[in-house]
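Visitor: Have a look at this one.
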Amino acid sequence: MVYLDNAATTPVEPEVIQAMLPYFTERFGNASGIYEIASVSKTAIRNARQKCAQLMGAQPEEVFFTSGGTESDNWAVFEGAHAAGEKRHLLTSAVEHPAVLQSFRALEREGYEVEYLPVDGEGFCLPETVEAAIRPDTGLISIMTANNEIGTLQRIAQIGGIAKKHGILFHTDAVQAYGQIPLDTEELQADLLSASAHKLGGPKGVGLLYVRKGVPLGSRQKGGGQERARRAGTENVPGIVGFGEAARIAGERMRERQERVSGLRDLLLALLTDKIPNALLNGPAAYGGERLPGNLNLTIPGIEGESLLILLDGQGICASSGSACSTGAAEPSHVLTAIGRSPEQAKASLRLTLSHRNTEEEIREAAEGIAAAVSRLRSLRES
Ligand code: PLP
C-alpha cells in the first residue's frame with residue numbers, strides 16, 4: 001500500500017502506542033480521584049499538557065484537552081462569539097473546514113451576522129481583506145492556519161496583529177499545521193488555536209484548544225470540573241498521553257521531516273506534471289514556503305476524481321479528492337470553487353498528502369500508477 005492521505009489521518013507512532021499502553025491497564029485511574037493511581041493519571045496529563053504547550057510556545061495552563069479538532073473548533077467559534085457580547089458581526093474565510101463553517105452557520109441562525117471572506121487564486125485570505133471587513137461591532141475573527149485541501153499557509157501572524165490592533169478575539173484552526181510546521185502562539189497573536197492528535201501520529205479522538213491567558217472563554221461541555229472547570233468530562237488519559245508523546249516527537253523531528261516531506265512532494269509534483277498533460281496545481285506554488293510540506297492538490301481535466309480514487313484503491317494507492325470529510329458527497333469542494341475552479345474542475349481533483357513515512361520508491365510507484373489510471377479514464381471518456 002502507498003498511503004498518500006495523511007491530511008485525513010496518520011498511523012499512530014510506535015513510541016506513542018508504547019507510551020499509551022499502561023494507561024489502559026495498570027494506570028487506569030480517574031484523574032479526579034485522591035488515591036495513588038489517580039495521581040499517576042493526573043501527573044501524566046500534566047506532562048502531556050507541558051509537551052503540547054511547548055510545541056506551540058504556549059504555557060501549559062493555556063492548553064485544554066478536548067475530543068478532537070471538531071470539538072475545539074466548535075468551542076472556539078461558539079464561545080468566542082458569545083464572549084464578544086453585543087459585538088455580533090463575525091469574520092471567517094470561505095475555505096475553512098466544515099467544523100468551523102458549520103459552527104458559523106449555526107451562529108447565523110442565532111442572529112449573528114457572519115461574513116465568509118473570499119480568498120485569492122492560491123487560497124490566501126489576505127490580511128488586507130480581513131482588515132477591510134472589520135467593523136466596530138466585529139466580535140470574532142476565525143481564519144485557519146493551513147488549509148486541509150490545498151495546503152495554503154495563511155499569513156496568520158499578520159491577521160492576528162490586525163485582530164489585536166482592533167481589540168477583536170482571534171481564533172485559528174491549526175489542525176493541519178500543528179506538528180507539521182513551527183508554530184508560536186506569541187508570534188501568531190492568536191487568542192484561540194485548535195489542534196488534533198491524529199494528524200501528527202497521535203490517536204484519534206483527542207485534541208486541544210489553546211486559550212490565551214485572560215481570554216474569557218465560557219465552557220461548552222457542561223458537567224464536572226475537569227480541565228479547570230472549562231471542559232467537563234472524564235479525561236481521556238491514554239489519548240492525552242499519546243497526544244503529548246506525538247507532540248514531543250513532532251517537535252524534535254520537525255525540521256528533518258519538513259525537509260524530507262517537501263522534497264518528496266516536489267518530486268511527486270514533477271513526476272505527475274511530466275506524465276499527465278494539462279494537470280493544474282491547486283494552491284500556492286509547491287516549491288515556495290507558503291504551502292504545507294506534504295500537500296499536493298491537482299486538477300486533472302477529463303477525469304472524475306471519485307472514479308480515479310477507485311482505480312487507485314485497486315492499485316493499493318490511498319488518496320483523496322476534496323477532503324475526507326466531504327468525500328462521498330456529490331458537491332464539488334468549496335475550497336476549490338473558492339479559488340476559482342469551476343465545479344467540473346473541482347470534481348476533477350486529486351489530493352495527495354505525504355508524510356515522513358513515505359519513501360522515494362513509493363512516490364515513483366504512485367506517480368506511475370496515477371498516470372496510468374488517468375490515461376485509462378481519459379481514453380474511456382474519449383471512446
Ligand atoms: N480542522 C481541519 C483543518 C481539519 O483538517 C480537520 C480534520 O480533517 C478538523 C478540523 C477536524 O478535526 P478532527 O478530525 O480531530 O475532529
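The values are calculated or read from the model by the stated rules, or taken from the named source; none is laboratory data. Everything numeric here is computed off the predicted structure, so don't read it as measured data. Heads up, the Cβs are rebuilt from the backbone with ideal geometry, glycines too, and the neighbour counts pull from every protein chain shown. The area values use the complete protein model at the heavy-atom level, side chains included, leaving out ligands, DNA and RNA. Shrake-Rupley method; radii C 1.70, N 1.55, O 1.52, S 1.80 Å.
Visitor: Where does segment 243-351 land on the Kirkwood hydrodynamic radius, alpha-carbon pairs, in angstrom?
Guide: Here the Kirkwood hydrodynamic radius works out to 15.2 Å.
Visitor: Work out the charge dipole of the chain with +1 on the Cβ of Lys and Arg and -1 on the Cβ of Asp and Glu about the Cα centre, then indicate which of 68, 319, 333 is farthest towards its positive end.
Guide: Going by the charge dipole, the pick is 68.
Visitor: Amide H to amide H under 5 Å from residue 126: which residues, 5+ apart in sequence or cross-chain, H placed 1.01 Å off N in plane?
Guide: When sequence neighbours closer than 5 places are left aside, the close amide H contacts are 120.
Visitor: Of all DSSP beta bridges in the chain, what percent run antiparallel (nearest 5)?
Guide: Taking every DSSP beta bridge within the chain, about 50 percent pair in antiparallel fashion.
Visitor: Of the heavy-atom accessible surface of segment 14-248 (probe 1.4 angstrom), what whole percent is carbon and sulfur?
Guide: 52 percent
Visitor: Work the Kirkwood hydrodynamic radius out for the chain: mean of 1/r over every pair of different alpha-carbon atoms, inverted, in Å.
Guide: About 21.4 Å for the chain.
Visitor: 7 Å from Cα along Cα→Cβ at both residue 184 and residue 36: what's the point-to-point distance in nm?
Guide: Result for the modelled spin labels: 4.4 nm.
Visitor: Suppose a student asked you for the relative contact order of segment 101-205, using Cα pairs under 8 Å spaced at least 6 residues apart; what percent would you report?
Guide: Relative contact order here is 21 percent.
Visitor: Same structure again: Taking a probe of 1.4 Å, how large is the accessible area per residue of the chain, in Å²?
Guide: Per residue, the chain has an accessible area of 41 Å².
Visitor: Using helices alone, what [θ] at 222 nm do you get for the chain, with -39,500 (n - 2.57) per DSSP H run of 4 or more residues, divided over all residues and rounded to the nearest 500?
Guide: Rounded to the nearest 500, it is -13000 deg cm²/dmol.
Visitor: Next question. Net charge near residue 53, counting Lys/Arg +1 and Asp/Glu -1 over other residues with Cβ under 13 Å of its Cβ?
Guide: Residues close to residue 53 contribute a combined charge of +2.
Visitor: What's the center-to-center distance, using Cα atoms, between segment 250-327 and segment 3-72 in Å?
Guide: Using only Cα atoms to place each centre, the spacing works out to 30 Å.
Visitor: Counting only other residues whose beta carbon sits under 9 Å from that of residue 249, what net charge do I get with K and R as +1, D and E as -1?
Guide: -2
Visitor: For the cross-link pairs 42/213; 165/347; 42/204; 42/222, which exceed 31 Å when the distance is taken from alpha carbon to alpha carbon?
Guide: 165/347
Visitor: Here's something else I'd like to know. Which pairs, out of 87/199; 51/199; 164/199, put more than 27 Å between their alpha-carbon atoms?
Guide: Over 27 Å Cα-Cα: 87/199; 164/199.
Visitor: Two decimals is fine: what is log10 I(q)/I(0) at q = 0.17, 0.19, 0.24 Å⁻¹ for segment 246-305, from a Debye sum with one equal scatterer on every Cα and no solvent?
Guide: Taken in order of the listed q values, log10 I(q)/I(0) reads -0.63, -0.73, -0.98.
Visitor: Next question, about the same structure. Tell me, what is the percent relative contact order of segment 14-248, built from C-alpha pairs under 8 Å that lie six or more residues apart?
Guide: 28 percent
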